[in-house]
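Here the structure comes first, spelled out in structure tokens, and everything after it is commentary.
The values are calculated or read from the model by the stated rules, or taken from the named source; none is laboratory data. None of these values were measured; they are calculated from a predicted model. Every residue, glycine among them, receives a Cβ derived from its backbone with ideal geometry; neighbour counts consider all protein chains shown. What goes into the accessible areas is simple: the full protein's heavy atoms, side chains included, and nothing from ligands, DNA or RNA. Shrake-Rupley method; radii C 1.70, N 1.55, O 1.52, S 1.80 Å.
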Amino acid sequence: MLRIYLDNNATTPVLPEVFEAMRPYFGEHFGNASSIHHHGQETRAAVEWARDLVAQLLGCRASEIVFTSGGTEGDNLAIAGLTSAGDHIIASSIEHHAVLHACKRLEETGCDVTYVPVDGRGLLDPDDVRRALRPNTKLISIMMANNETGVLQPVEEIGEIAAEADLFFHTDAVQAAAKIPIDVAHIGCDALSISGHKFHAPQGVGALYLRKGTRLQPLFHGGRHERSRRAGTENVPGIVGLGKAAELAAQGFERRDDQKLAALRDRLERGILSHIDEAGVNGDGAVRTPNTTNIYFDHIDGEPLVIALDLKGLSVSSGAACSSGAIEPSHVLTAMGLRPDRARASVRFSLGKQTTQEDIDFALELVPETVARLRELSPAYRKEAVSS
Ligand code: PLP
């Protein structure tokens, strides 16, 4: 059966070039990058090669890159590492759970957190951030791109607010990195987290940009790896993969791959909306990452739609979470003011470097017929159809 993958915000396939770059570091080049002998020097050189490439992708110095195990660690390291008990933190209500739950944990240990709302497009108002400032505010953590809708936040304006108030600004750029150009100086952030598996590097590796001179309390205690910012023997193959994926992403921007991806996404979006009524884009009207569209299909639930599409060979996702056996609507969509039933009726389609026109054609054939079939089975839809 043909299988099409449109869930690249969940994870992406490792590109063949990335895998080839990593391969020698599982075998012949196996040294510990902290060893001073030949074997160690070989892997140390590879780690520093990768650090340069990641730094180039983000527009920073190599020494400002801390390798991590991924986005969750980078978010936790920045949030816990830049604050202490008694501090006030500002985050948005649509952050990933890696940020929200890190903040919740700090609330239990003596920090106060303000969660800034978003409007119907999923955008926060920088003035709300300004109004939330307190004398003890230490950190603002606002994501660059939302994982469910792709909506981009006004991070440059927030960077200015943080600079004026002389406090730390961390941005979770896990869903932005390699999809849109990033320049940390332009954003004005002190910390920025990225994750390899969201842009065709392997799972379990990422990086935190930490502005030169920013002191942070590490999460792990041990050796003096990563300039004492992250103890633990480096994951050399993963780091090499991250570096290679960063290099390929930079080359992709030169070829305008992001615009080609946006054209494919727009074709999918328009095609779906022109064939299905009572459907719409969540985050419409806001600037979004080129690969993401989140669409509601009124009168059905997203979860059965995801399952029905999967049975026919298309992998997509719904932001709903299963909690105690009940389907909870996505916190991102409800924060945008969607009714719970519409939030539950939403599905995310996210494209990747490997997505083709044929993949989009397949989705355009499958989604309208599947939505129509599920609506026919929906008593609420049938009742409405009879009465209208
Ligand atoms: N932040 C955002 C916005 C994400 O989308 C994700 C993963 O989905 C994470 C953080 C966590 O990243 P990781 O899976 O690398 O821990």
> For the chain, what is the accessible area per residue in Å² when the probe is 1.4 Å?
Replying inline: 44 Å²
>> I need the peptides 178-187, 107-116 ranked by packing, meaning the mean over residues of other C-beta atoms within 10 angstrom, with the highest value on top.
In response: 178-187, 107-116
> Which part of the range 88-121 falls in the paramagnetic zone of D128, meaning amide N under 11 Å from the point 7 Å along Cα-to-beta-carbon?
Replying inline: 91-95, 115-121
>> Which of the three applies to the range 53-151, rounded, prolate or oblate, going by the alpha-carbon gyration tensor with a ≥ b ≥ c and a/c under 1.5 meaning rounded?
In response: oblate
>> Please compute the volume of the convex hull spanned by the alpha-carbon atoms of the range 1-82 and report it per residue in Å³.
In response: 152 Å³
> In the chain, what percent of the accessible surface is made up of carbon and sulfur (1.4 Å probe, ligands and nucleic acids excluded)?
Replying inline: 52 percent
> Given 0.36 nm per residue, what is the gain on full extension from E160 to S315 after removing their alpha carbon distance, in nm?
Replying inline: 51.8 nm
> Rounded to the nearest 10 Å², what accessible area does L219 show when all protein chains are kept and the probe is 1.4 Å?
Replying inline: 70 Å²
>> Taking 0.36 nm per residue of sequence separation and subtracting the Cα-Cα distance, how much length would be gained by fully extending the chain between W49 and N32, in nm to one decimal?
In response: 4.6 nm
> In the range 4-85, which GluC sites (Glu not before Pro) are in a loop and have at most 11 other Cβ atoms within 10 Å, using DSSP for the loop call?
Replying inline: E28
>> Given Cβ point charges of +1 (Lys, Arg) and -1 (Asp, Glu) and nothing else, what value in debye, to the nearest 20, does the dipole of the range 185-233 about its Cα centre take?
In response: 160 debye
>> So if the hydrodynamic radius of the chain is defined as the Kirkwood radius over C-alpha pairs, what does Stokes-Einstein give as its diffusion coefficient at 20 °C and 1.002 mPa s, in µm² per second?
In response: 98 µm²/s
> What order do you get for 87-99, 275-287 when each peptide is scored by the mean count of other beta carbon atoms within 10 Å, highest first?
Replying inline: 87-99, 275-287
>> Which of the three applies to the range 202-261, rounded, prolate or oblate, going by the alpha-carbon gyration tensor with a ≥ b ≥ c and a/c under 1.5 meaning rounded?
In response: prolate
> Per residue of the chain, what 222 nm ellipticity follows from adding -39500 (n - 2.57) for every DSSP H run with n ≥ 4, rounded to the nearest 500?
Replying inline: -13000 deg cm²/dmol
>> Under a Cβ-only charge scheme (Lys and Arg +1, Asp and Glu -1), can you give me the dipole magnitude of the range 240-388 about the Cα centre, in debye to the nearest 20?
In response: 200 debye
> Which loop-located chymotrypsin sites (Phe, Trp or Tyr not before Pro) does the range 131-226 contain, where loop means any DSSP state but H, G, I, E or B and the Cβ has at most 15 other Cβ atoms within 10 Å?
Replying inline: F220
> Ranked highest first by average number of other Cβ atoms within 10 Å, how do 171-177, 329-335 line up?
Replying inline: 171-177, 329-335
>> On C-alpha positions alone, give me the angle between the axis of helix 97-108 and the longest principal axis of the chain, in degrees, nearest 10.
In response: 70 degrees
> Rounded if a/c is under 1.5, else prolate if a/b is larger than b/c, else oblate: which is the range 129-192, with a ≥ b ≥ c the root eigenvalues of its Cα gyration tensor?
Replying inline: prolate
>> Only bridges whose two residues both fall in the chain count here: according to DSSP, what percent of them are antiparallel, nearest 5?
In response: 55 percent
> If you put +1 on each Lys and Arg Cβ and -1 on each Asp and Glu Cβ, how big is the dipole of the chain around its Cα centre, in Debye rounded to 20?
Replying inline: 540 debye
>> Across the range 242-284, what fraction of all alpha-carbon pairs, as a whole percent, falls in each successive 5 Å bin from zero upward?
In response: 5, 19, 17, 17, 11, 12, 10, 7, 1
